[in-house]
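In what follows, a structure is listed as structure tokens, so that the remarks can point back to it.
The values are calculated or read from the model by the stated rules, or taken from the named source; none is laboratory data. Since the structure is predicted, the reported quantities are computational estimates derived from the model, not experimental observations. Glycine also receives a Cβ, built like all others from the backbone with ideal geometry; neighbour counts cover every protein chain displayed. Surface areas here come from the heavy atoms of the whole protein model, side chains and all, with no ligands, DNA or RNA. Shrake-Rupley method; radii C 1.70, N 1.55, O 1.52, S 1.80 Å.
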Amino acid sequence: MQQVPAVEIDGITLCQSLAVIQYVDETRPGAKLLPADPKKRAQVRMISDLIASGIQPLQNLYVIQKIGADKVQWSQHFIDRGFKALEPILKQTAGKYCVGDEISMADICLVPQVYNAERFKVNMDQYPTIKRLNQTLLEIEAFKVSHPSNQPDTPADMSA
Amino acid sequence: MAANTKPVLHGYFRSSCSWRVRIAFALKGIEYDQVTVNLIKDGGQQRTQEFQSVNPMQQVPAVEIDGITLCQSLAVIQYVDETRPGAKLLPADPKKRAQVRMISDLIASGIQPLQNLYVIQKIGADKVQWSQHFIDRGFKALEPILKQTAGKYCVGDEISMADICLVPQVYNAERFKVNMDQYPTIKRLNQTLLEIEAFKVSHPSNQPDTPADMSA
């Protein structure tokens, strides 16, 4: 598919980030990335998919290269559309994190999407729940160490 | 204790994502009620305030089940798989399960969102070329993946969520006149799957809201 990420793990190569994440969750010990309760698990997947199918694919590099000159407006439109839907959903599902009080795959999807929103100058004040969750999550070590500003290939002028 | 109420699917006969959910219900032998959300009529019934309270994303499918409302077809399908008896829609083996999700997501994130109604309405005049482009791009990637993973079905020899995603996407490809001869593995799998009762009964040509001139 000529996209990132692709992960070589346990002798196979997987693409599609949510497939990788759930594989890792199912095969490694440690804090679970999806809740045990089936309804909460479905809500985590619903939120993750709203972002990973409903927003990000419409504003990824390949698509905006095809859109051309209108790319900022196009991207803002699709991010706003998705966040307008996500905000009331999260108002219902969120505790300290997206779904209740445990970090999940939904939080993993949310933070990078907010980063994209900020890149395209989306007004995040319209989405107070998303904004609050994002701020809470960015304080967590795993979200900091993995941040785009802290990577081996981060350009010098964007490094943390 | 309340009597078991049937799930309610808010969908549209030709919505490929709604069809995925219909297939899953049929494979699990689950009876459900359907509420039609006509995506074209009246400026699109998905845009009403009433439906917005069902799904704020204004998309189908949305499913009322067990006292909650879920949207996103793959979240619904996995919820149903985890809570209902019957043939499993994802394999037990974690690597195979990951492959099923990878194939499902390639379709549900990598292809379908780029050619759904909302997007092609924004694209306008170039919509057929745009849709063909994204379906071809996705299928060009999917064909070699499936060559590796497929047995009788997309992943090995058990029907899975990957097959559930594949058939409606091929239907969309055919609507946009994509040349399916380029994708022999996808073509072969689709033909095999269309013979299965769950894929037939859920087909767009067999729904309560199928227009008379498109009925099977």
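Summary of computed values
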quantity	calculated
Test: residue in region B:78-91 that is acidic (Asp, Glu) and open to solvent by less than 30 Å² (accessible area, probe 1.4 Å)	yes
Failed item, numbered, when residue A:34 is tested on (1) at the interface with chain B (Cβ under 8 Å from one of its Cβ atoms); (2) outside any helix (DSSP H, G or I); (3) hydrophobic (A, V, I, L, M, F, W, C)	(1)
Residues (touching a residue at least 60 places away in the same chain (Cβ under 8 Å) and either more than 8 Å from chain A (Cβ to nearest Cβ) or assigned to a loop (DSSP other than H, G, I, E, B) (or both)) located in region B:89-99	B:89, B:90, B:91, B:96
Boolean, residue A:20 is under 16 Å from the mean Cα position of the chain (by Cα), farther than 22 Å from residue B:80 by Cα, open to solvent by 10 Å² or more (accessible area, probe 1.4 Å) and of a type in the set (A, V, I, L, M)	no
Members of region B:6-48 found to be of a type in the set (Lys, Arg) and open to solvent by 60 Å² or more (accessible area, probe 1.4 Å), listed by number	B:6, B:14, B:41, B:47
Single match in B:160, B:215 (criterion: closer than 15 Å to residue B:106 by Cβ and either hydroxyl-bearing (Ser, Thr, Tyr) or in contact with a His (Cβ under 6 Å, 6 or more places away or on another chain) (or both))	B:160
Tabulated pairs, region B:138-149, first under 17 Å from residue A:4 (Cβ atoms), second crowded, with 20+ Cβ neighbours inside 10 Å, C-beta under 6 angstrom, 6+ apart or interchain	B:138/B:110; B:138/B:111
Residues satisfying the stated conditions in region B:104-122, i.e. surrounded by 16 or more Cβ atoms within 10 Å (Cβ to Cβ) and either out of contact with any Ser or Thr (no Cβ under 7 Å at 6 or more places or on another chain) or not in a helix (DSSP H, G or I) (or both)	B:104, B:105, B:106, B:107, B:110, B:111, B:114, B:115, B:116, B:117, B:118, B:119
Candidates A:75, A:48 - the one that is in contact with a Cys (Cβ under 9 Å, 6 or more places away or on another chain) and either more than 7 Å from chain B (Cβ to nearest Cβ) or assigned to a helix (DSSP H, G or I) (or both)	A:48
Identity of the residue in region A:4-19, at the interface with chain B (Cβ under 8 Å from one of its Cβ atoms) and assigned to a loop (DSSP other than H, G, I, E, B), that ends up farthest from residue B:141 (Cα to Cα)	A:10
Enumeration of residues in region B:49-74 that are crowded, with 22+ Cβ neighbours inside 10 Å and in a helix (DSSP H, G or I)	B:73, B:74
Selection within region A:60-84 - open to solvent by less than 10 Å² (accessible area, probe 1.4 Å) and under 20 Å from residue B:120 (Cα atoms)	A:63, A:75, A:78, A:79, A:82
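Residues are listed down the side, and each one gets a yes or a no for (1) within 21 Å of residue B:29 (Cα to Cα); (2) touching a Lys or Arg at 6+ places or on another chain (Cβ under 7 Å):
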position: B:160; (1), (2): yes, no
position: B:165; (1), (2): yes, yes
position: B:182; (1), (2): no, no
position: B:200; (1), (2): yes, no
position: B:207; (1), (2): yes, no
position: B:213; (1), (2): no, no
position: B:216; (1), (2): no, no
